[in-house]
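Asks: Before I ask anything, let me first share the structure, which is written out below as structure tokens.
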Amino acid sequence: MQTVTAPSPWIATRLAHAPKIDGLLDDAAWTALKQQSPLQSRPWYRVTAAGKTPELLAAQRRTWLGFDDEALYIAMEADAPDAAALRVDPAGNPFMGDGLEIHLRKQNGAYLHLGIDATGRTAPGLLNTCTDLSVVKAAAHINQTNWTAELRVPWSMLGVTANDSTTLEMNLASKDRKSTRLNSSHSSVSRMPS
């Protein structure tokens, strides 16, 4: 079992061109980020019970962040060796089954809590304080060996701009088909020039 270390900041890189939000992650923006920084994403852990040490996942998820003057972009790729075994909630709740849970908050301000499942269905979470979620664009795609998701979150929704120094924090979490919670970790989002 690997020791859990303190999280480093999430790194968001300024993008020359905004990606198309279709869930495929095949845009030039994502391809460039994957090549520049294949290990930009921190490891994901399985949380089995309160008080127990989280265990490092064998089937990892990778995450990349980009931004432009208008929005923050989040891309996630989850290993799924058996794509046919992916499960989503029949009632449409993206927080159940295979999905991604986004926590993005401005210090002392807006809190975006949103779920997206492996088929692209989204819903707000219980902690959400953002009112117009229709401005968030999200999509997912299932491949033979993984599933991917991408989101576009306008800066205006969070009450910040691309260039200000307001502290943002993000955590990514999810459940897999076994209904076991998978966590990345809460840490600040650093916006870096390209």
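Asks: Using modelled backbone amide H atoms (1.01 Å from N, in-plane), which distant-in-sequence or interchain residues come within less than 5 Å of ALA80's amide H?
Replies: ASN146, TRP147
Asks: Taking the inverse of the average 1/r across all pairs of different Cα atoms in region 95-137, what Kirkwood radius in Å do you get? All intermediate terms of the calculation are to be shown ahead of the outcome.
Replies: On the way: mean 1/r = 0.0928 Å⁻¹.
For region 95-137, inverting the mean 1/r across all distinct Cα pairs yields 10.8 Å.
Asks: Here is a further query. Quick one: give the max-minus-min coordinate of the C-alpha atoms of region 83-181 along each principal axis, largest first, in Å.
Replies: 43, 24, 21
Asks: Heavy-atom accessible area per residue, region 62-179, 1.4 Å probe: how many Å²? It would help to have the intermediate numbers written out before the result.
Replies: Numbers: 5000 Å² over 118 residues.
Accessible area per residue, region 62-179: 42 Å².
Asks: Quick check: with the 1.4 Å probe, what order do MET157, MET96, MET170 take by accessible area, largest first?
Replies: Values: MET157 30, MET96 75, MET170 0 Å².
Accessible-area ranking of MET157, MET96, MET170, largest first: MET96, MET157, MET170.
Asks: If you take the square roots of the eigenvalues of the alpha-carbon gyration tensor of region 62-104 and sort them as a ≥ b ≥ c, do you get rounded (a/c under 1.5), prolate (a/b over b/c) or oblate? Before the final figure, lay out each step's value.
Replies: Working: a/c = 3.53, a/b = 1.72, b/c = 2.05.
It is oblate, given that a/c is not under 1.5 and a/b is not larger than b/c.
Asks: Return the FRET efficiency for the residue pair ARG87, THR167: r is the Cβ-Cβ distance, R0 is 35 Å, and the value is rounded to the nearest 0.05. Could the numbers behind the result be given before it?
Replies: On the way: r = 36 Å, r/R0 = 1.03.
The computed FRET efficiency comes out at 0.45.
Asks: Just subtract the alpha-carbon distance of TYR111 and GLN36 from 0.36 nm times their residue separation and send over the number in nm, one decimal. Let's see the in-between values first.
Replies: Numbers: separation 75, 0.36 × 75 = 27.00 nm, distance 2.98 nm.
Working it through step by step, the gained length comes to 24.0 nm.
Asks: Keeping all protein chains in the complex and leaving out DNA, RNA and ligands, what accessible area do you get for LYS20 with a 1.4 Å probe, in Å² to the nearest 10?
Replies: That residue has around 140 Å² of solvent-accessible surface.
Asks: As a test question: what accessible area, to the nearest 10 Å², does ILE142 have when a 1.4 Å probe is rolled over all protein chains in place?
Replies: 70 Å²
The values are calculated or read from the model by the stated rules, or taken from the named source; none is laboratory data. What you are looking at is a predicted structure, and each value in this text was computed from that prediction instead of being measured. Because the Cβ atoms are built from the backbone with ideal geometry, glycine has one as well, and the counts that use them run over all protein chains shown. Just the protein is used for accessible areas: all its heavy atoms, side chains included, with ligands, DNA and RNA removed. Shrake-Rupley method; radii C 1.70, N 1.55, O 1.52, S 1.80 Å.
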